[in-house]
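Take a look at the structure set out below.
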Amino acid sequence: MPQDVFAPWLDPDAKPIIQFKNVTKRFGDFIAIDDLTIDIYEREFFALLGPSGCGKTTMMRMLAGFETPTEGNILLSGQDMAPVPPNKRAVNMMFQSYALFPHLSVWENIAFGLRRDGMPKDEMAARVDEMLRLTRLEKFARRKPHQISGGQRQRVALARSLAKAPKLLLLDEPLGALDKKLRQETQFELMDIQEKTGTTFVIVTHDQEEAMTVASRVAVMDHGKIVQVATPAEIYETPNSTYVADFIGDVNLIEGKAGEKEGDKLSISWAEGQPDIIGTPQTSFDKGQTIHFAIRPEKVSITHDKPTNPVAFRGKVLDIAYLGNLSTYHVELPNGQIIKAQTANNRRISRRGFTWEDKVWVSWTDTAGVLLEN
Amino acid sequence: MRRLFLIAVPYIWLLALFLVPFIIVLKIALSDAWLAIPPYVPTLDLSAGWAGLKDFFAGLDFENFVFLTEDDLYWKAYLSSLKIAAISTFFTLLVGYPIAYGMAKAPDEWRPTLLMLVILPFWTSFLIRVYSWMGILSQEGYLNQILMSLGIISEPLIILNTNTAVYIGIVYTYLPFMILPIYSALEKLDASLLEAAEDLGCSRFSAFWLVTIPLSKQGIIAGCFLVFIPTIGEFVIPSLLGGSKTLMIGKVLWEEFFSNRDWPVASAVAVILLLILVIPIILFQRNEQKQREADG
Ligand SMILES: Nc1ncnc2c1ncn2[C@@H]1O[C@H](COP(=O)(O)OP(=O)(O)O)[C@@H](O)[C@H]1O
Ligand SMILES: [Mg+2]
């Protein structure tokens, strides 16, 4: 691996800034965080991704100090955080609701944390102005939170949490209230700010695209557990479970039984009268074991003529979803299985090759999909 | 037409329930006391026609208002009322804020019950409740009995018929008017604001000062006016719980009216009282307006 790639999690000598050690959090009988262990490194942009209610906010609140773990330890720069109250942690949080002080101006909101530190007046003014410039809010400094737009409010919340230059910044669904375009712009802005300030960011989101865009690593959560932690590309290309494969992006999932192994290839029988699927397993499977084969729609080719790919099925076009730059074809195989195939629309619609009820071939190479146990 | 009607309703209401009674009182204030029924002259005799009306207006003068400035009693009573109202408002706030705060922090399922408990006293007669305070505060009353049986005091405390008893009575009576607006301000307060303040370096206590207090300011102001305004003219509490030295304008007014049967002077006292009250009422309205704007 080249030296300039940022991947401290691969370096055995790197010291994590955050360590969760067997952390469990219970609310009464309900287990919100279940025996969770994870290391997060300095300068990372770490994304927590998962459905609503899986415990993302609870994790953040434990980092900020608003909840204490029922069991286990949270370490920040090697120090156990349990006895440290929120106001003594070098951690700042950008709240899901922004939590701007309605009685204070934008300027005063940003200065709030600096005042608490007793920063000298001129130094504080300079810092606030710097934050205003960074978030492009100079014009709104004198306004109250209810006098600015949602997007501007969100930037005030960001500026306020950055002003104290925390070691760690927690962002709880920071862009939830923004429309798509503003959201994308802000994502790049966030990455920019993270690069400029060198702060470690932990961001919570339930939007997988957002996690993929901004994060150095993504943790996919489910029911208080982390199912997989990896870079966005690894998560996408080699999910470790059908849950992750299904959660991130679009996927075709086919259930079958492990057949004969030939070299590094494995055949999977999955339906009467259909040829086996050939895949390249990363782990070993026993013969006859249930396998879930997952393949992304864009890795499935759709053609009129019989392709040369080792895995190919005949079917007919059932549905076409036109997305502008892409089209997704839903192809029905004779046994009823539907395979989604995605192609780039680099031609005009009138010249497009396939239409409803067309007899077509769907096919893929023997390394295009992943074989999953569960 | 409909619009006109909608606008007219509150004005007719105001006219019937405020302006007309006020003009009647003002008219009496400009009359002279007389041994008759009603006990003042002139009275309007419409059967005499135009001449009667002229006689009536000729009989009106500002004598009674001049009289109010000549006798110390009145301005001292006004001043004393303002002072008692201000002090009791302060104590009501001191007692009411923590209660409102506790209610707002209580678990959701408790809140309706707590609100009920605050409002409950209104369902019994105000007079009975003030009388029962006489039973508590008198020299042989429950308070002294308890304190003496606990050995905290050896001589009974003299509370009844002093200003202290008046303060206790006012704080007790007007407490709900303080609690409810503060509670409604605190209840709206987003808990994440306090967490944000802590996150940015505040202790619990400074978060309370810097966030909770400023954000419940409108409620505090509203509560203070709701206690202060009616307390100035309060009559029942000072006359039942206060002593001969407790000087309040409501008591003076009552004595002028019923003991002296001097309706014109009593009316003049009432008119001046109203003018004094107009200032805090306008300020109160302004505060409410501001609150609505902040909420909207
Ligand atoms: N204070 C609390 N008391 C009881 N249950 C809670 C509390 N906070 C969170 N939970 C529960 O814990 C689970 C995880 O919540 P949360 O971390 O907010 O999820 P997410 O942010 O991933 O949507 C939810 O089922 C929620 O109901
Ligand atoms: Mg959440």
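The values are calculated or read from the model by the stated rules, or taken from the named source; none is laboratory data. Keep in mind that what you see is a predicted model, and the values were worked out from it rather than measured. Because the Cβ atoms are built from the backbone with ideal geometry, glycine has one as well, and the counts that use them run over all protein chains shown. Just the protein is used for accessible areas: all its heavy atoms, side chains included, with ligands, DNA and RNA removed. Shrake-Rupley method; radii C 1.70, N 1.55, O 1.52, S 1.80 Å.
Overview of values
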item	result
Any chance A:SER77 is within 16 Å of ligand 1 (Cβ to nearest atom) and either away from chain B (no Cβ under 14 Å) or free of Cβ contacts under 8 Å to residues at least 12 places away in the same chain (or both)	no
Residues of region A:353-372 satisfying the condition of being on the phi < 0 side of the Ramachandran plot, part of a loop (DSSP other than H, G, I, E, B) and loosely packed, with under 14 Cβ neighbours inside 10 Å	A:GLY353, A:THR355, A:TRP356, A:THR367
Failed item, numbered, when B:LEU193 is tested on (1) within 14 Å of another protein chain (Cβ to nearest Cβ); (2) buried (at least 23 other Cβ atoms within 10 Å of the Cβ)	(2)
Any chance A:GLU138 is more than 10 Å from chain B (Cβ to nearest Cβ), touching a Leu at 6+ places or on another chain (Cβ under 8 Å) and of a type outside the set (A, V, I, L, M)	yes
Filter pass, B:TYR131 being open to solvent by 60 Å² or more (accessible area, probe 1.4 Å), within 18 Å of B:GLY169 (Cα to Cα), touching a residue at least 60 places away in the same chain (Cβ under 8 Å) and touching a Leu at 6+ places or on another chain (Cβ under 8 Å)	yes
Filtered residues of region A:141-154 (kept if surrounded by 15 or more Cβ atoms within 10 Å (Cβ to Cβ), part of a loop (DSSP other than H, G, I, E, B), away from chain B (no Cβ under 12 Å) and of a type in the set (D, E, K, R))	A:ARG143
Failed condition for A:GLN194, given (1) more than 14 Å from chain B (Cβ to nearest Cβ); (2) under 22 Å from A:ALA111 (Cβ atoms); (3) open to solvent by less than 70 Å² (accessible area, probe 1.4 Å)	(2)
Selection count where residues are more than 13 Å from every other protein chain (Cβ to nearest Cβ) and surrounded by fewer than 21 Cβ atoms within 10 Å (Cβ to Cβ), scope region A:80-104	3
Counted residues, region A:51-62 - those being more than 10 Å from ligand 2 (Cβ to nearest atom) and open to solvent by 10 Å² or more (accessible area, probe 1.4 Å)	1
Matching residues in region A:185-214 - criterion: being more than 22 Å from A:ALA90 (Cβ to Cβ) and either modelled with pLDDT under 85 or outside any helix (DSSP H, G or I) (or both)	A:GLU185, A:THR186, A:GLU189, A:THR205, A:HIS206, A:ASP207
Residue in region A:216-224 that is within 16 Å of ligand 1 (Cβ to nearest atom), farther than 22 Å from A:ALA64 by Cα and open to solvent by 40 Å² or more (accessible area, probe 1.4 Å) present	no
Failed item, numbered, when A:LEU48 is tested on (1) open to solvent by less than 10 Å² (accessible area, probe 1.4 Å); (2) more than 14 Å from chain B (Cβ to nearest Cβ); (3) more than 16 Å from ligand 2 (Cβ to nearest atom)	(3)
Residue satisfying condition, being within 14 Å of chain A (Cβ to nearest Cβ) and crowded, with 22+ Cβ neighbours inside 10 Å, within set B:GLY219, B:GLY169, B:GLY201	B:GLY219
Residue list for region A:155-184, restricted to those being surrounded by 15 or more Cβ atoms within 10 Å (Cβ to Cβ), away from chain B (no Cβ under 14 Å) and in a helix (DSSP H, G or I)	A:ARG155, A:LEU182, A:ARG183, A:GLN184
Any hit, region B:243-265, residues being touching a strand residue (DSSP E or B) at 6+ places or on another chain (Cβ under 8 Å), assigned to a loop (DSSP other than H, G, I, E, B), open to solvent by 30 Å² or more (accessible area, probe 1.4 Å) and more than 14 Å from chain A (Cβ to nearest Cβ)	yes
Only listed residue being closer than 21 Å to A:PRO83 by Cα and under 15 Å from the mean Cα position of the chain (by Cα), chosen from A:THR57, A:THR68	A:THR57
Of the criteria (1) over 24 Å from B:PHE258 (Cβ atoms); (2) free of Cβ contacts under 8 Å to residues at least 40 places away in the same chain, which one B:TRP34 fails	(1)
Where a residue in region A:90-105 is outside the structural domain of A:ILE74 (by TED's automatic domain parsing) and its partner, wherever it lies, is more than 14 Å from ligand 1 (Cβ to nearest atom), with Cβ under 6 Å and at least six apart	none
Test: residue in region A:69-83 that is away from ligand 2 (no atom under 13 Å from the Cβ), modelled with pLDDT under 95, in a helix (DSSP H, G or I) and in the same structural domain as A:LYS225 (by TED's automatic domain parsing)	no
Yes/no for A:ALA177 being within 16 Å of ligand 2 (Cβ to nearest atom) and touching a residue at least 24 places away in the same chain (Cβ under 8 Å)	yes
Test: residue in region A:13-32 that is of a type in the set (Gly, Ala, Ser), within 15 Å of ligand 1 (Cβ to nearest atom), surrounded by fewer than 22 Cβ atoms within 10 Å (Cβ to Cβ) and within 14 Å of chain B (Cβ to nearest Cβ)	yes
Single residue of B:LEU19, B:LEU26, B:LEU53, B:LEU44 found to be farther than 12 Å from B:PRO264 by Cβ and under 29 Å from the mean Cα position of the chain (by Cα)	B:LEU19
Region A:206-223 residues that are more than 12 Å from A:LYS56 (Cβ to Cβ), paired with ones that are among the aliphatic types (A, V, I, L, M) and assigned to a loop (DSSP other than H, G, I, E, B) (beta carbon under 7 Å, 6 or more apart)	A:GLN208/A:ILE248; A:GLU210/A:LEU175
Condition broken by A:PRO69, with the remaining ones in (1) within 14 Å of chain B (Cβ to nearest Cβ); (2) in contact (Cβ under 8 Å) with a residue 40 or more places away in the chain satisfied	(1)
